[in-house]
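S.K.: If you scroll down you'll find the structure; I have some questions about it.
No lab work stands behind these numbers, since they all come straight from the coordinates. What you see is a predicted model, and the numbers here were worked out from it, not measured in a lab. Ideal geometry is used to build each Cβ from the backbone, glycine not excepted, and the neighbour counts take in all protein chains shown.
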Amino acid sequence: MEGAVFIVEWLAQKLIEHGQQVDTVWLPFADNPDTTLRQMLAYRMIDLAGRADKLVAFRPPAHVIRHPNKTLWLIHQFRGFYDLWDTSDRPVADDARGRAFRRRLIAADTRAIGEARNVFTNSRVVSARLKQFNNIDSQVLYPPIYCPERFRPGEYGDEIVCISRITEHKRQHLLIEAMRHVKSRVKLRLCGVSGSASYYRRLIKSIVAHSLRGSITLDHRWVAEEDKANIISQALAIAYVPFDEDSYGYPCLEAAHAEKAVITTVDSGGVLEFVQDRRSGMICDPEPEALASCFDALYNDRYTAKRLGIAARQRVDELQISWAPVVEKILA
């Protein structure tokens, strides 16, 4: 289950706990540029004004739904038409038709987002993008996890752990490559469900080709929350190295509540809003050798691993990541 689903379900539960009556509405959307604007038009025709006192929308295109008391907690936009336009992730051709489509989409987004009484985002990265492309101010509202108390400190073992969707964007391959360069007896555990059979096969092939089966565990399954908490509790540290992530990601928060340092890279986007190099984690270049050096450093110095982990837990409080301010602001 993606974090975008968690944020909806967890907020709904917290609002109910605060005495609110909540209906969660899941609307279908096909990620197809040929039909994006038509789908947005269909969403625009949905009338919820007389059915609820407040509408809280999260992901496009739900933001276009009309409501006199609309609050947005934007997790991301259609990034291929925004900051990723000049990359290989651009979903349409960079020609007259594609550029016209992009202008229409951004204009529609700007109008719909501008209707909201309150606009929150899940990171400074998303807020900056919203200001750059839509000239809309917003407030960062960091999403907490539902039951942080289940993530508890434990021993600082031998494993660097990464629990995440197994996909090229999350770059598990980079962590495997790093294990070719470690000098200590540190181990790596990768847990999660793969969204791509070919990428998963690529990881297996790399592990076998470089004789890393003794030092890498590839746990290809959905990890239940309690099981996840137990794995993290015994980890040496957490590795989370996505490319240009929109937010800090739940793996960082789970690690922090368990007092584990996070190892990440300089190009991991919103993750860098949470992880502070050599204070609450370790930040390095997205190169296998650099990651290996971080792995070895924590393996050889458990005191530092613990110190960084405790500071990561304190970072949660510094950023005021909890449900009380979230509920207060969403209901305002």
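S.K.: Which one of the conditions (1) in contact with a helix residue (DSSP H, G or I) (Cβ under 9 Å, 6 or more places away or on another chain); (2) at positive phi does Arg171 fail to meet, given that it meets all the rest?
M.R.: For Arg171, the exception is condition (1).
S.K.: Let me spell it out: the conditions are (1) surrounded by 18 or more Cβ atoms within 10 Å (Cβ to Cβ); (2) part of a helix (DSSP H, G or I), and Arg59 meets all of them except one. Which number is the exception?
M.R.: Evaluating Arg59 over (1) surrounded by 18 or more Cβ atoms within 10 Å (Cβ to Cβ); (2) part of a helix (DSSP H, G or I) leaves (2) as the failure.
S.K.: Would you kindly identify the helices (runs of 4 or more DSSP H) lying entirely within segment 274-332 that contain at least 1 residues that are over 30 Å from Leu15 (Cβ atoms) and among the charged types (D, E, K, R)?
M.R.: It comes to 288-300, 302-318.
S.K.: Right, something else. Out of segment 166-201, which residues are touching a Cys at 6+ places or on another chain (Cβ under 9 Å) and aliphatic (A, V, I, L, M)?
M.R.: The answer is Ile166, Leu175, Ala178, Leu188, Leu190.
S.K.: For segment 122-176, how many residues are in contact with a His (Cβ under 6 Å, 6 or more places away or on another chain) and in a loop (DSSP other than H, G, I, E, B)?
M.R.: Result for segment 122-176: 1.
S.K.: In addition: I'd like to check something: does segment 179-198 contain any residue that is among the hydroxyl-bearing types (Ser, Thr, Tyr), over 21 Å from Pro286 (Cα atoms) and in contact with a Phe, Trp or Tyr (Cβ under 9 Å, 6 or more places away or on another chain)?
M.R.: yes
S.K.: I'm trying to understand the selection: among the residues of segment 263-299, which are small (Gly, Ala, Ser) and more than 22 Å from Arg313 (Cβ to Cβ)? Spell out the reasoning first.
M.R.: Of segment 263-299, the ones small (Gly, Ala, Ser) are 268-270, 280-281, 290, 292-293, 297.
Result: Gly269, Ala290, Ala292, Ser293.
S.K.: With respect to Ser138, is the statement that it is under 30 Å from Leu11 (Cα atoms) and not acidic (Asp, Glu) true?
M.R.: When the stated conditions are applied, Ser138 passes them.
S.K.: From the set of residues in segment 103-127 that are hydroxyl-bearing (Ser, Thr, Tyr) and free of Cβ contacts under 8 Å to residues at least 60 places away in the same chain, which is surrounded by the fewest Cβ atoms within 10 Å (Cβ to Cβ)?
M.R.: Thr110
S.K.: Which count do you get for residues in segment 128-185 that are of a type in the set (Val, Ile, Thr) and touching a residue at least 60 places away in the same chain (Cβ under 8 Å)?
M.R.: Selection size over segment 128-185: 5.
Residues checked against (1) touching a Lys or Arg at 6+ places or on another chain (Cβ under 8 Å); (2) under 15 Å from Leu37 (Cα atoms); (3) not in a strand (DSSP E or B):
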{"residue": "Pro68", "(1), (2), (3)": "no, no, yes"}
{"residue": "Gln77", "(1), (2), (3)": "yes, yes, yes"}
{"residue": "Asp83", "(1), (2), (3)": "yes, no, yes"}
{"residue": "Arg99", "(1), (2), (3)": "no, yes, yes"}
{"residue": "Arg103", "(1), (2), (3)": "no, yes, yes"}
{"residue": "Ala116", "(1), (2), (3)": "yes, no, yes"}
{"residue": "Phe120", "(1), (2), (3)": "yes, no, no"}
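S.K.: On the given criteria, is Ala49 without any contact (Cβ under 8 Å) to a residue 24 or more places away in the chain and either in a loop (DSSP other than H, G, I, E, B) or surrounded by 13 or more Cβ atoms within 10 Å (Cβ to Cβ) (or both)?
M.R.: For Ala49, the condition - without any contact (Cβ under 8 Å) to a residue 24 or more places away in the chain and either in a loop (DSSP other than H, G, I, E, B) or surrounded by 13 or more Cβ atoms within 10 Å (Cβ to Cβ) (or both) - is met.
S.K.: Name every residue in segment 22-52 that is more than 20 Å from Val5 (Cβ to Cβ) and within 23 Å of the chain's Cα centre (by Cα), in order of residue number.
M.R.: Once the filter is applied, which keeps residues that are more than 20 Å from Val5 (Cβ to Cβ) and within 23 Å of the chain's Cα centre (by Cα), segment 22-52 yields only Asn32.
S.K.: Being in contact with a Gly (Cβ under 9 Å, 6 or more places away or on another chain) and of a type in the set (Asp, Glu) is the filter here; which residues of segment 50-99 pass it?
M.R.: Residue satisfying the conditions is Asp89 alone.
S.K.: Turning to a different aspect of this structure: Can you name every residue in segment 224-233 that is among the hydrophobic types (A, V, I, L, M, F, W, C) and touching a helix residue (DSSP H, G or I) at 6+ places or on another chain (Cβ under 7 Å)?
M.R.: Ala229, Ile232
S.K.: Scan segment 182-209 residue by residue and report those that are under 18 Å from Ile160 (Cα atoms) and assigned to a strand (DSSP E or B).
M.R.: Lys187, Leu188, Arg189, Leu190, Cys191, Gly192
S.K.: State yes or no: is Leu212 assigned to a strand (DSSP E or B) and either touching a helix residue (DSSP H, G or I) at 6+ places or on another chain (Cβ under 9 Å) or closer than 20 Å to Asp317 by Cα (or both)? Please lay out each step first, then the result.
M.R.: Details: assigned to a strand (DSSP E or B): no; either touching a helix residue (DSSP H, G or I) at 6+ places or on another chain (Cβ under 9 Å) or closer than 20 Å to Asp317 by Cα (or both): yes.
Considered against the rule, which asks whether it is assigned to a strand (DSSP E or B) and either touching a helix residue (DSSP H, G or I) at 6+ places or on another chain (Cβ under 9 Å) or closer than 20 Å to Asp317 by Cα (or both), Leu212 comes out as no.
S.K.: Search segment 252-273 for residues being of a type in the set (Val, Ile, Thr) and surrounded by 24 or more Cβ atoms within 10 Å (Cβ to Cβ), and hand back the single one that is nearest to the chain's Cα centre (by Cα).
M.R.: Val271
S.K.: Among residues belonging to segment 203-222 that are closer than 25 Å to Phe151 by Cβ and surrounded by fewer than 17 Cβ atoms within 10 Å (Cβ to Cβ), point out the one that is farthest from the chain's Cα centre (by Cα). Spell out how you get there, then give the answer.
M.R.: Filtering segment 203-222 down to residues closer than 25 Å to Phe151 by Cβ leaves 216-222.
Imposing the further condition that a residue be surrounded by fewer than 17 Cβ atoms within 10 Å (Cβ to Cβ) reduces the set to 217, 219-222.
Values: Thr217: 23, Asp219: 20, His220: 20, Arg221: 19, Trp222: 17 Å.
So the residue we want is Thr217.
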